[in-house]
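A quick write-up on the structure given underneath.
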Amino acid sequence: AYHGLVELVGRAKVAGRLRRDFVPEDVTVLLAASAGVASAPQAWRRLLTYLLQAFAVPGTSPETALPEPPARGALLREMTR
């Protein structure tokens, strides 16, 4: 799986769709960050949209409206879990 990820990251960079400073190991960081909001309704969608925009090469990603934020109570429950 790791070698496939390395290839995917490389192809995205060559295509000009992924920032040059992104490395495959960043995926581990992203997975860890998203684990905290994975079960909170809407939170993971919002985080994913932020991340996709953040790692795209400027000017190559259409500005996508963020999904609605999660309800405060749902996110608080996830944070304290």
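Assuming 0.36 nm per residue, please report the length gained on full extension of the stretch E7 to V57 beyond their Cα-Cα distance.
Details: separation 50, 0.36 × 50 = 18.00 nm, distance 1.78 nm.
Taking 0.36 nm per residue and subtracting the Cα distance, the gain is 16.2 nm.
In region 2-49, what trypsin sites (Lys or Arg not before Pro) fall in a loop by DSSP, with at most 12 other Cβ atoms inside 10 Å?
Values: sites: R11, K13, R17, R19, R20, R45, R46; in loops: R17, R19, R20.
Those that pass, being in a loop and sparsely packed, are R20.
Suppose all protein chains stay in the model; what accessible area per residue would a 1.4 Å probe give for region 1-48, in Å²?
Working: 3310 Å² over 48 residues.
About 69 Å² of surface per residue is accessible.
Run the numbers for L30 and E68: contour at 0.36 nm per residue of separation, minus the present Cα-Cα distance, in nm.
Values: separation 38, 0.36 × 38 = 13.68 nm, distance 2.05 nm.
Taking L30 through E68 to full extension adds about 11.6 nm, to one decimal.
The values are calculated or read from the model by the stated rules, or taken from the named source; none is laboratory data. Fair warning: this is a prediction, and the values are worked out from it, not measured in the lab. Counting neighbours? That spans all protein chains shown, and the Cβs are built from the backbone with ideal geometry, glycine included. Just so you know, the surface numbers come from the protein's heavy atoms only, side chains and all, with ligands and any DNA or RNA stripped out. Shrake-Rupley method; radii C 1.70, N 1.55, O 1.52, S 1.80 Å.
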